[in-house]
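Please read the structure below before turning to the comments.
The values are calculated or read from the model by the stated rules, or taken from the named source; none is laboratory data. Since the model is a prediction, treat every value here as computed from it, not as a measurement. Note that each Cβ is placed from the backbone with ideal geometry, even for glycine, and that neighbours are counted across all protein chains shown. Calculation scope for accessible area: heavy atoms of the full protein, side chains included, ligands and nucleic acids excluded. Shrake-Rupley method; radii C 1.70, N 1.55, O 1.52, S 1.80 Å.
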Amino acid sequence: MEKRYAATLSRSQGRNAWAVIFRHPARIDLNTGKPLRVRQGLGTPVEEEANELKDQLNQMLSAEEFWSLAARAEAERRFHRRVVEIFYHGMEPEESDFNAIREAVIQLPTSNDSEYRRTLLLGTTGAGKTTLLRQLIGTDPETERFPSTSTAKTTVHETEVLLAPGSYKAVVTFFPMDEIREHLNECISEAVLSAYRGEDDSDVLRKLLMHVNQRFRFNYILGNGPDAYAPEDEDDEDDTALEEPEEVGAESAIDLEATNALLAKTLAALRVIAKHQGILLKEELGAIDEKDQRVVDELFEEELDRRLREDEQFHRISDDLMDEIEHRFSLLTEGSVRRSKQGWPQSWSWETDDRQAFIKAVTRFSSNLASRFGRLLTPLVNGVRVAGPFLPDWNNGQQPKLVLLDGEGLGHTPKSVAAISTSLTKRIEAADAIVLVDNAVQPMQAAPVAAMKEMITSGNARKLFLVFTHFDEVKGDNLPNASAKEQHVLASAENVLASIGEELGPFAERALRLRLKDACFFVGGIDDRLSLAKKSQKRTIGQFQSLLAAIDSIVEKPAPGQAKPVYDRMNLVLAVKNAAESFHDAWWPRLGLAYKPGVSKEHWKRVWALSRRLGTPGWGDEYDNLKPVADLRKQLQDRLYVFLQNPLRWEVAEPTDDAEKQQVFDSLANALSAKTLELVARRVRAERMADWQTAFNQSGRGSSFARATIIGKQIYDRAAPIPDMTPSPDRNAFLHEVAMLVDGVCAEGGASLA
């Protein structure tokens, strides 16, 4: 029988505007392989108008000639603009350039056309990176609290601050609606699983409101729920004891009691869904005893997300919560909101001379203060850019010419970190200076070491500045003065230097040793406002001023000299072979396809989530710490950096100075960096999108192993084959692509392959 598609009207309780719901005949839900369920707002509270738009949409749904993009022009002639936008949304890639949106409102100066320096702040979670940013822009830690700080993961979006005279300006960009909904659906799925397992209401609510990777904490937007079973959030602002007075005006538009009632209703519905799905699965399997129940429990978790996407009650919960989330944008009474064609806010911007009002408005997009939960937009934000007469209190009234870039922390695990994210790799390349913030009291952890390796192998070591915080807490009977304390802190980096030298070669160690010698700064007590009047703070202020001077004096990389290295092509083959072997050696045990002591198999659900991310256009190339694109790129770039340090010979004349050699190697490495990322991203993801989708769509018993096998053999083996004696198209293509890339960079840089 021919499938018929029809749209229906929908309106959440307490909302005025109507929405329309339908199954799209030309868009497939990657979770189920069936027509995608679409819910879009019609932009009208008038039922008669809504019915007219619904009827027009049903005409399009009933006429197959409109089901392709080629028919859009004809549809625009016959139907209302909103109906056409709803139907064709998502049928072609729509990736928004959020940086361009921010740039159109506040243009960031560059070192090429001004005296400004773009300075990227990096550091482990809780090291004091954002606290240092507060010092550099002079915001009060007690009354302004911008940007927000915490010992846990706080900054999950980009924060860009331009120190410039004039009025205060801000532009904020938001994640797309589809991405927010997908993360919300993942939370609902986790909450249903929690309910199925019989966990109490507080646990179910925690799963609903806090995404597993901590990026989307919906409790910031919706509150913690009814007091009777509200989950505790241990990661709030470091000074949450300082409560703010009850706000008026726009704040009163948000009825938290109504939100709590919705959350209570949702909890009850989640338990109903969990029970219903459990009974259905038990009946399908014919489970009758305890042994059968264990099979049901195992399959319930594996099949849950797919089954929920076909459950209309699940979608109603998602619809109601999304409406409640979107309602929070009503808090934006100042400034202007730019919306997408679907009506979802893309950006908010505002300009004022009132600093207090400005900070108060902007913190709605960045705060994590517990007293404001239920009225914050923080998790919806993917970028905040502000400009204004910010300046540090301790800099004699001088405003540094800086663009300060802050982002998500590097993490705080002492374990090995394979690679930094590809997005951070791009930001390092675009910055003039990188300030790596680390805790002076603790040994350097794996994440900042990984960041330093990236700077070295990409030829960006000259940009590195190290700031050690908590210097006032470095104490010991053998440390009588500041100089002794500095040497004590730096001594802990010696092991890092040695390991980097062994792994990446002598010039990598040399580059880092020079930065430790010339570009290290030690600060303490930066949680408080610093004052030259306090003797204990004068040294920290001096260190900050030296840091500003060093950043200001950073120069462009020097032009390469006359010496031209010549490389052995066979060594390049070995470098590619070692990179591919290391990549497979790291991933095979994680996928459960091989055993390696000390490497744990990843939980199937994390691999499942990874395949969803890489199989969905516009969703990035990683899931949490699973970063196949970044991992392969790191292995390739590392091996190429070692390769560059070992030329077969030099033409013209071999440099007698290691500094000149370093300059040549760094120049070539820098030219290779962006090209290797582009190559790997294409081979691992872009060219194998269908394979990632196939891996994600595996279901039923044995699906976890089938998924891992597809990723290992159909994706990784083909994306990064290990060169050996047996030729194959994939194997040769990868090696030839890398060789052509290196050949081109060498030709441009005056080097050559022999």
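For residue 340, the amide hydrogen comes within under 5 Å of the amide hydrogens of 346, counting only partners 5 or more places away or on other chains and with H modelled in the peptide plane.
Between residue 533 and residue 110, the FRET efficiency from the beta-carbon distance, with R0 = 30 Å, is close to 0.20.
For residue 648 and residue 732, the difference between the fully extended length at 0.36 nm per residue and the C-alpha to C-alpha distance is 27.8 nm. Mind scanning 34/601; 453/475; 564/627; 169/463; 401/485; 426/634 and naming the pairs with a C-alpha gap bigger than 25 Å? In this structure, 34/601; 453/475; 564/627; 169/463; 401/485 lie more than 25 Å apart at Cα. Direction-averaged projected area, Cα convex hull, the stretch 525-678: 16.0 nm², rounded to one decimal. Summarising the amide proton neighbourhood of residue 27: residues at separation of 5 or more, or on other chains, whose placed amide H is nearer than 5 Å comprise 36. Search the structure for amide H atoms under 5 Å from the amide H of residue 117, placed 1.01 Å from N in the peptide plane, and list their residues when 5 or more places away or on another chain. The list, which skips near neighbours in sequence, is 402, 403. In terms of accessible area, using a 1.4 Å probe and ignoring ligands and nucleic acids, 605, 401 rank largest first as 401, 605. Helix 729-749 and the longest principal axis of the Cα set of the chain meet at an angle near 50°. Distance from the Cα centroid of the stretch 55-83 to that of the stretch 107-127 is 47 Å (rounded to whole angstrom). Across all directions, the average flat footprint of the convex hull enclosing the Cα atoms of the chain is 37.8 nm².
Rg and Dmax over the alpha-carbon atoms of the stretch 369-480 stand at 17.5, 51 Å.
The distance from the alpha carbon centre of the stretch 494-532 to that of the stretch 330-377 is 38 Å, rounded to a whole number. Accessible surface comparison of 177, 322, probe 1.4 Å, protein chains only, largest first: the order is 177, 322.
Report for the chain the percent antiparallel among DSSP-assigned beta bridges with both residues inside it, nearest 5. Of all bridge pairs located within the chain, approximately 55 percent are antiparallel. In whole Hz, with x marking every Gly and Pro, tabulate ³J(HN,Hα) for the stretch 329-335 from phi via Karplus 6.51 cos²θ - 1.76 cosθ + 1.60, θ = phi - 60°. Karplus values, whole Hz, x for Gly and Pro: 5, 5, 5, 7, 8, 8, x. Summing +1 for each Lys or Arg and -1 for each Asp or Glu among the other residues whose beta-carbon sits under 13 angstrom from that of residue 114 gives -1. Against the chain, whose longest principal axis comes from its Cα atoms, helix 47-62 is set at around 80 degrees.
Accessible area of residue 470 (1.4 Å probe, protein heavy atoms only, ligands and nucleic acids ignored): about 50 Å².
Probing with 1.4 Å while keeping every protein chain in the model, the per residue accessible area of the chain equals 44 Å². Of the listed residues 595, 716, 623, the order by accessible area with a 1.4 Å probe, largest first, is 595, 623, 716. Remark on the stretch 3-108: Rg and Dmax equal 15.9, 52 Å (Cα only). Pairs of Cα atoms in the stretch 632-754 fall into 5 Å distance bins, from 0 up to the last occupied one, in shares of 2, 10, 17, 18, 15, 12, 9, 7, 5, 3, 2, 1, 0, 0 percent.
The Cα center of the stretch 572-588 and the Cα center of the stretch 637-678 differ in position by 20 Å. Within the accessible surface of the chain, defined with a 1.4 Å probe on protein heavy atoms only, the carbon and sulfur portion equals 49 percent.
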